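To keep things clear, I will list the structure first and then write my remarks on it.
Bear in mind that the values in this text are calculations on the coordinates, not laboratory data. Here the structure is a predicted model, which means the values were calculated and not measured. Note: ideal-geometry Cβ built from the backbone for every residue, glycine included; neighbour counts use all protein chains shown.
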Amino acid sequence: MNPGDLLWVGVGAVLSVMILSYLIEDNFLFRIASHIFLGVSAGYLVILLAKDIIWPLFLQPVVFGNWTNRLWMLIPFVLVLLLVLGQFPRFTGYARFPLAFLTGVGAAILIGGTVLGTLLPQSMAIIDLFDASRWQAGTTVPGLAIAEAVVMLLGVVGTLSYFHFGRKLRVRREDDRSERPFLLEAWGKVGQVFIGITLGAIFAGVFSSALTALIDRILDITQFVKMLLGGG
Amino acid sequence: MAIIICPECGAKNALTASRCHQCDASLVEVEPVQPFNFEDSGHLPSAEEDLPGLLNALKNDEETQPPAEPDEEKTDDVDGVSEESVLEEDVPEWLLRIRQRAQEEKDALGPITQKISAAEASLLEENKEMQRQNFESWIRQIKKEAQDDEIDSIDAFVEEEMPEWLRKIRQSRETPETEEQEITPEDGEQTIPMPDWIGTRDVEPLNGQPKESDAEEESSQGLPEETIQVSTDSAVDEIPEEGSGVVSDVVQAIGPVLAVSPEEEIQADHLSAAIAAESMPKGGQEKGQKPRQRLQRILFNLGLILIMVLIAILGGRSQPSGDSLPPQNEAVIEWAQDLPASATILVVMDAQAGFYSEISMIAKPVFENVANIEREFFVLSSTPIGNLLFNRMINELELDTAISAQDLGYFPIAAYGAFGLGGDVSANWRIAHLPQSEKALPIADYDGIMILADSIVGAKAWVEQLSALMPDNQLYLFLTAQAGPMLLPYWDSGQVSGIISGISEAAGVEAALSQSSLIADRWQLYQIGIWLMLVVLIVSPFLVNHNGNTTKGKGGNEPG
């Protein structure tokens with residue numbers, strides 16, 4: 001390993017130790033390392049935005065384009081100007097226009113993606129599980145396929161019921177005002193089980209990812225120490 | 001016929017009376033006045049005959065004009081128990097209007113009005129002390145009446161209407177409310193303990209005059225830090241000490257309720273949340289820990305790290321067999337092995353640098369099979385560091401020949417980038433006759449789209465958009481373990497052609513492809529780490545109980 005690589009491996013190892021020192025207590029070294037990462041990330045992001053977005057998508061058409069290009073660029077220019085003006089207390093209201101534009105476009109894109117990319121395909125997938133022809137054609141035993149379909153249906157209905165916040169239509173007692181219909185309440189309990197299992201799986205995944213990152217750091221530090229001792 | 005108005009009680013007495021028939025006060029030096037009767041204005045002397053016309057004009061004005069809303073100044077006077085306002089309450093409306101008109105038109109005053117005004121001025125100037133005493137007795141009377149029912153209702157009102165943020169602040173300080181309402185009258189100033197954020201604002205005292213904050217004076221008097229001072233000048237400062245109870249009750253009632261606007265309340269909510277967050281222990285890092293408990297934790301953490309370091313140094317290599325892989329993993333392997341020689345592949349980088357090690361371990365075995373000089377790669381990032389991570393990963397593969405990879409740029413919002421790619425936005429730009437940017441999204445059918453993601457949200461945005469807008473393209477997900485479980489349904493629904501999630505699945509893929517031993521070097525360490533996690537999860541509740549930490553969780557439903 002050449003001296004340049006050794007230097008960067010050393011810097012990485014030292015910064016890793018500084019971050020890991022948080023295990024003992026919040027301390028000066030941890031804060032220094034955090035601030036270094038934040039500062040470097042922010043600086044890099046500014047350069048990246050200028051290089052990948054502002055120059056090619058905004059300035060390039062203005063500088064090298066014809067008048068039609070420049071007129072088109074007037075729209076983002078005005079929106080940017082309003083956003084910048086919004087940073088001054090006197091003109092705060094002007095920033096609402098570009099933000100409203102962004103929010104509206106973002107919502108439209110997200111809703112379209114959610115409906116077309118998740119809601120409809122996932123609903124169809126649930127329905128397809130009950131296709132008898134697939135039970136026979138599949139590699140799994142038909143009984144297991146049916147059981148899988150039933151469990152899937154229970155999970156979907158139960159989870160949707162859990163997030164249903166309706167109330168009873170006919171109120172006979174005062175307590176009924178704060179209670180959901182019995183059927184929804186029962187299905188909601190079933191849904192709780194599925195939600196708990198899902199959250200448990202996500203937690204295990206989060207821990208697994210963190211453990212993988214920790215292993216990588218430990219191996220890097222070990223490698224650096226070995227190199228310093230002449231064993232690497 | 002002239003009469004004498006008693007300066008004590010205001011009763012009318014005969015001209016010959018030497019003492020008031022009502023209060024028995026002396027009337028010797030009191031000047032007689034001509035009685036004024038509104039009903040009998042027709043019998044006024046000729047000099048006053050213009051008065052009915054004046055009154056009629058005033059009446060017409062009153063009928064034509066809408067009832068005037070009480071202005072702020074007047075309201076403040078009432079709230080501040082102003083002396084003038086108290087006297088004016090006893091004056092009829094018509095007389096007030098006459099006075100107002102008389103101030104504007106001096107010649108409108110007749111002799112009778114002049115005499116009445118003179119008498120009132122005389123009363124105000126000469127008998128101010130008597131009026132003050134009357135005012136004090138009035139305050140006492142109010143106090144007596146209020147103590148039984150009004151104070152209770154005010155307390156109930158304050159308790160009910162107390163904002164949630166104020167209740168939280170008081171609860172967080174664990175200070176009894178009665179102690180907070182202590183008032184220490186001293187040199188005409190009363191101190192009321194208030195939250196910090198209120199102490200920074202201008203507080204309107206009872207007389208409506210803004211009170212200057214005077215921290216030095218406050219500290220010199222040895223008052224608590226969380227107090228503000230309320231001036232009780234003007235009418236209130238003349239109230240004797242026993243009357244301060246009424247003031248304190250009124251201050252208690254109107255102080256925080258009337259002085260806070262909704263915006264300030266929202267700011268106070270944020271501030272109190274920030275204070276609560278600051279004061280909360282941070283993941284067991286609280287400063288006030290017992291030394292023994294702290295030492296235990298440090299030793300425990302260092303012990304775990306030490307075990308893993310020792311295993312990293314001394315541990316051997318192990319790897320799960322790649323014989324029985326999940327179908328989503330096998331689909332990825334098949335795709336990588338059957339890819340055409342001149343394939344076009346889009347790589348979407350949605351991973352942060354912190355998860356690079358995991359992502360690279362998952363994707364490298366596949367890239368070793370896929371990457372060659374004849375294939376064309378397009379790299380699109382929805383994280384700032386995405387392109388750098390891709391280049392580092394390709395460099396670490398140590399391929400014999402460099403591959404062709406074109407950087408399509410960085411899209412800060414994954415959904416925007418995916419929609420732009422799938423929605424064929426580039427064509428729209430061409431309609432606008434814009435110059436073709438080198439960062440423009442290519443319009444092409446890819447032989448495969450590889451999405452490398454470390455979060456559920458980012459990967460989901462790409463899958464949703466691309467599977468809906470580019471259904472003919474095959475999507476392959478390379479996910480960290482934390483993103484995998486929530487994206488598996490997209491494999492079941494057929495929207496995704498293959499998934500590799502987490503180091504455990506990647507270990508099987510690596511073993512099946514037999515390309516490298518990157519994961520095998522870490523697999524034993526990973527297994528030990530999982531066991532350690534289980535031990536920590538089991539042991540830590542006992543450690544917490546052993547240390548006497550009785551902090552109860554705030555979540556969950558409380559019975560009842």
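Using a basic spin-label model with each label point 7 Å from the Cα along Cα→Cβ, how many nm lie between B:LEU302 and B:VAL457?
3.8
How high is the FRET efficiency between B:SER517 and B:ASP445 when r is their beta carbon distance and R₀ equals 41 Å, given to the nearest 0.05? Let's see the in-between values first.
Working: r = 36 Å, r/R0 = 0.88.
Once rounded, the FRET efficiency stands at 0.70.
How well do other chains shield peptide A:102-109, expressed as the mean number of their Cβ atoms within 10 Å of each residue Cβ?
If you average over the peptide's residues, the count of other-chain Cβ atoms is 3.
Figure the gain on full extension for B:TRP531 and B:SER324 (residue separation times 0.36 nm, minus the Cα-Cα span) and round it to one decimal in nm.
Length gained between B:TRP531 and B:SER324: 72.2 nm.
Could you compute the FRET efficiency for A:ILE75 and A:GLU25, with r as their C-beta to C-beta distance and R0 at 51 Å, rounded to 0.05?
Values: r = 52 Å, r/R0 = 1.03.
According to the calculation, E is roughly 0.45.
Grab the beta carbon distance between A:ASN66 and A:GLN87, set R0 = 35 Å, and tell me the FRET efficiency rounded to 0.05.
0.60
Along the Cα→Cβ direction, 7 angstrom out, place labels at A:MET227 and B:GLU164. What is the inter-label distance in nm?
The modelled label-to-label distance comes out at 5.4 nm.
Give the average, rounded to an integer, of partner chain Cβ atoms located within 10 angstrom of each Cβ in B:410-418.
Counting Cβ atoms of other protein chains within 10 Å of each residue's Cβ and averaging gives 4.
Would you mind checking the range B:386-426 for residues with the amide N under 13 Å from a putative spin-label position 7 Å along Cα→C-beta of B:ILE373?
B:399-404
How far apart, in nm, are the 7 Å Cα→Cβ label points at B:ASP338 and B:ALA14?
Reported label-point gap for B:ASP338 and B:ALA14 is 12.8 nm.
How do B:464-470, A:7-13, A:139-145 rank on mean C-beta neighbours within 10 Å, highest first?
B:464-470, A:7-13, A:139-145
Per the Cauchy relation, a quarter of the hull surface: what is the mean projected area of the convex hull of the alpha carbons in the range A:1-146, in nm²?
Values: hull surface 83.1 nm².
Reported value for the Cα convex hull: 20.8 nm².
Averaged across the residues of B:455-466, what count of C-beta atoms belonging to other chains lies within 10 Å of each residue's C-beta?
Mean inter-chain Cβ contacts per residue within 10 Å come to 3.
Which links in B:LYS12/B:LYS144; A:LYS189/B:LYS460; B:LYS364/B:LYS460; A:LYS51/B:LYS364; A:LYS226/B:LYS460; B:LYS12/B:LYS143 stretch past 32 Å when you go from one Cα to the other? List each step's numbers first, then the result.
Working: B:LYS12/B:LYS144 30 Å; A:LYS189/B:LYS460 27 Å; B:LYS364/B:LYS460 22 Å; A:LYS51/B:LYS364 28 Å; A:LYS226/B:LYS460 42 Å; B:LYS12/B:LYS143 30 Å.
From B:LYS12/B:LYS144; A:LYS189/B:LYS460; B:LYS364/B:LYS460; A:LYS51/B:LYS364; A:LYS226/B:LYS460; B:LYS12/B:LYS143, over 32 Å: A:LYS226/B:LYS460.
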